[in-house]
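The values are calculated or read from the model by the stated rules, or taken from the named source; none is laboratory data. Nothing here was measured: the structure is a model prediction, and the numbers come from that model. Don't worry about glycine lacking a Cβ; one is built from the backbone with ideal geometry, like all the others, and counts go over all protein chains shown.
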Amino acid sequence: MALVTPFDLPELAGSISALPGVGPATARALAARGIRTWGEALFLLPVRYQDRRRPTPIARLEPGRLAVVRGRIVSSGRWGRGGRLWRMVIEDHSGRLGCVWFRFKRAFLEEFRPGQEVYAVGEPTPAKGGGNLPPLQMAHPELYPAQSVGPDHPSLGRVVPVYPAVEGVRPGHLRRVMAELVRRTAQRIPDPLAGLLPPELYPLPVGEALARAHQPPPQATEQDLDPQRSPWRRTLAVNELAYFELALALLRRQRSQAPARPLAPEGKLLARFLDALPFSLTPGQQQAIQAIRRDLARPHPMARLLAGDVGTGKTVVAAAAVCLAVEAGVQTALMAPTEVLARQHHRTLRAWLEPLGVEVALLTGSQSDPQATDAPVVVGTHALISRRAALPRLGLAVIDEQHRFGVEQRLALRAKGHNPHLLVLSATPIPRTLALALAGHLELSDLPQRPVNRRPVHTELVPYPQRRQAVEAMAAAVRRGEQVYVICPLVEASPALEAQDVVTTHRNLARYFPEVEVGLLHGRMEAREQQAALEDFARGRSRILVATTVVEVGVDVPAATLMVVLGAERFGLSQLHQLRGRVGRGNKPGRCLLVPGPEPGELALERLTVLCQTHDGRRIAEADLMLRGPGEALGRRQAGLPPFRVARWSRDAELIPQLRRIIQGWLQEDPELASPRYAAVKKECLRRWGRRLGLAGAD
Ligand code: ADP
Ligand code: MG
């Protein structure tokens, strides 16, 4: 999803070039950062502040902390060999401070004479050199004669915002431009949310929040000046989240009221399917199937998310839903994120359903079979949502999104039929609050436990210097007749990074294990080659498969017991957790060896240790979220997270349950949000999200 610009309001559509001080060069520099309009510029927020409101007594200066000092010059002049330095000593009632310049304009410094009162602004550091120098000194401080400093001084007596560096624009210049922008715009930003949310959630109207962000008031507290904890940040974050949650609530209601063909078969096919399974269902699977059955029988489209960690058996539940739909006489589509996975689902469903007389067709990008779209069950990739694949009888859409698709793709597939029922399978390894927030338009079914016979994959860290151990473990597994995955972070060698690439690793291992076939699988191979490599491995023709994360999603090879991950620190924890779920799927336990690169860094090792200690996908996701943040932990596009300007899932997700309750209250009070109290909020919500989410009333 593209970045949502919350305030691309008509009021803020003015070009930044229209601001005084923004000439062509500045405008170009800002445009290079994606800033063209006033609205965009307002969201260039300070990263921190310099509190220059009052001088600090010299005795209370702290090294490394910017301060303003007011004092009298004791001495000033050239210093050192050849007079290449300029030194000054300033004194106040509490002590003495050194100032030093390594490069300087002599004429400027000569203006300052001993005895004169000055302000110096800078970061004190311990002075080297000893002698009778003051203990702290400022290098290259800003210097202002005290008698020239009035109450409106731009750099003194106030809090100064520090903006992210914009190449080609000097910080002081940027500050003046932003101050002018705020003066002209902040008070004009309408805020229909203000007054509808409690102050602890939404402390300020949005215009006021932006004004305070850019121009902290003279009485700002320490908390106000912490961009992470400030009321303005809270306001801006909640503003984004509230409109998003409202959009999801509207979407949920819209879907729950749309007409759909009820599917209420007797359940004979489902019973035959379950009877033929070689195992019995877990309680979670049973409950999920019951919920799906209830949903399908209603005259409104089902919208259910089946959330379960890797290996919790979501496919069986999906197949049960397929049986119900087929018996009810409608067509079912199952969409998978990759061709490899689509083919795997095709194989699984065929093995289960064809003995029951149900045809299962495959429709992928690399193979288009015009007949396929007539089959009662169609399995495919994105090709299914392409325009060519019309599925007119579609009654049930199952999306195995494996944390790769987002809200928008779900909607695209749905648009294919006449409000088909929707079942989304997700292993998205995120905390529950977050799952609820993201899947706000879906009902949630959890698969909390793994089927009994699956043991967690024993995971160890093998330091780079000991990586031979991993090779020995591979040799032992191969001797026992088992199979091995070797996962590499890159496709091609990158000498600069010294990463273990898949091609070189494949070559080396093929040489090392001449007695067995070593397969190669990566995303840059043709789909057909990928499929062949996977088939060879699934059939046991190749014993070792060297692969990139292509195998991450749902590949099922029961004889694979060992996974070796090279350059392990380069993967997200959740991704590694998904990966290791590929081994130990048969009756032998699985083992995973994480081999980091030569210089993984301490934090990376700490992260990998989490993985050795726990097998709880949600705990791992939380650790990942804490250590890396969701964008990185999941990959933006993979997670389908709407990228907000200010809100951060890791920090703000906890606010969502409360927001959601409040929004429910609005909709109860005024279902259409048509009253003056809510109309503007709804309008703004539709402006931001209506078209993206297909909300009724969006233009
Ligand atoms: P995922 O949730 O990761 O998609 P799968 O549906 O691929 O998991 O199931 C993982 C494995 O567990 C498959 O081999 C499947 O046949 C098996 N399985 C599923 N449900 C059960 C069960 N109730 N008892 C035993 N094995 C099961
Ligand atoms: Mg799966």
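Under the condition of being within 13 Å of ligand 1 (Cβ to nearest atom) and charged (D, E, K, R), which residue from region 301-316 is nearest to the chain's Cα centre (by Cα)?
Asp309
Of all the helices (runs of 4 or more DSSP H) wholly in region 589-699, which have at least 1 residues that are modelled with pLDDT under 85? So that I can check it myself, show each step before the final result.
Working: elements: 602-613, 617-628, 630-634, 636-639, 649-652, 656-669, 676-685.
Correct list: 602-613, 617-628, 630-634, 636-639, 649-652, 656-669.
Go through the residues of region 506-517 one by one and say whether even a single one is β-branched (Val, Ile, Thr), at pLDDT 85 or above, not assigned by TED's automatic domain parsing to the domain that holds Pro283 and not in a helix (DSSP H, G or I).
Scanning region 506-517 turns up at least one residue that is β-branched (Val, Ile, Thr), at pLDDT 85 or above, not assigned by TED's automatic domain parsing to the domain that holds Pro283 and not in a helix (DSSP H, G or I).
Which count do you get for residues in region 528-550 that are aliphatic (A, V, I, L, M) and closer than 20 Å to Val471 by Cα?
Number of matching residues: 4.
Looking only at region 287-314, which residues are surrounded by fewer than 19 Cβ atoms within 10 Å (Cβ to Cβ) and touching a residue at least 40 places away in the same chain (Cβ under 8 Å)?
Listed by number, the residues that qualify are Gln287, Ala291, Pro299, His300.
In this structure, is Phe112 hydrophobic (A, V, I, L, M, F, W, C), in contact with a Pro (Cβ under 9 Å, 6 or more places away or on another chain) and in contact (Cβ under 8 Å) with a residue 12 or more places away in the chain?
yes
Restricting attention to region 553-578, report how many residues are in a helix (DSSP H, G or I) and surrounded by 24 or more Cβ atoms within 10 Å (Cβ to Cβ).
Selection size over region 553-578: 6.
Looking at (1) within 21 Å of Leu296 (Cα to Cα); (2) surrounded by 13 or more Cβ atoms within 10 Å (Cβ to Cβ), which is the one condition that is false for Gln257?
For Gln257, the exception is condition (2).
Which one of the conditions (1) hydrophobic (A, V, I, L, M, F, W, C); (2) outside the structural domain of Leu44 (by TED's automatic domain parsing); (3) at pLDDT below 95 does Leu296 fail to meet, given that it meets all the rest?
Answer for Leu296: the failing condition is (3).
Filtering region 262-286 down to residues that are of a type in the set (S, T, N, Q) and crowded, with 16+ Cβ neighbours inside 10 Å, which residue is farthest from Gln331 (Cα to Cα)?
Ranking the qualifying residues of region 262-286, first place goes to Thr282.
Please go through (1) crowded, with 21+ Cβ neighbours inside 10 Å; (2) over 30 Å from Ala510 (Cβ atoms); (3) modelled with pLDDT of 80 or more; (4) within 16 Å of ligand 1 (Cβ to nearest atom) for Pro456 and return the number of the only condition it doesn't satisfy.
(1)
Which ones in region 334-368 are more than 16 Å from ligand 2 (Cβ to nearest atom), in a loop (DSSP other than H, G, I, E, B) and in contact with an Asp or Glu (Cβ under 8 Å, 6 or more places away or on another chain)?
Those that are more than 16 Å from ligand 2 (Cβ to nearest atom), in a loop (DSSP other than H, G, I, E, B) and in contact with an Asp or Glu (Cβ under 8 Å, 6 or more places away or on another chain): Thr364, Gly365, Ser366.
From Leu579, Leu520, grab the single residue that is touching a strand residue (DSSP E or B) at 6+ places or on another chain (Cβ under 8 Å) and more than 23 Å from Leu461 (Cα to Cα).
Among Leu579, Leu520, only Leu520 is touching a strand residue (DSSP E or B) at 6+ places or on another chain (Cβ under 8 Å) and more than 23 Å from Leu461 (Cα to Cα).
What do you reckon, is Val100 modelled with pLDDT under 95, among the aliphatic types (A, V, I, L, M) and touching a Leu at 6+ places or on another chain (Cβ under 7 Å)?
Judged against the criteria, Val100 is a match.
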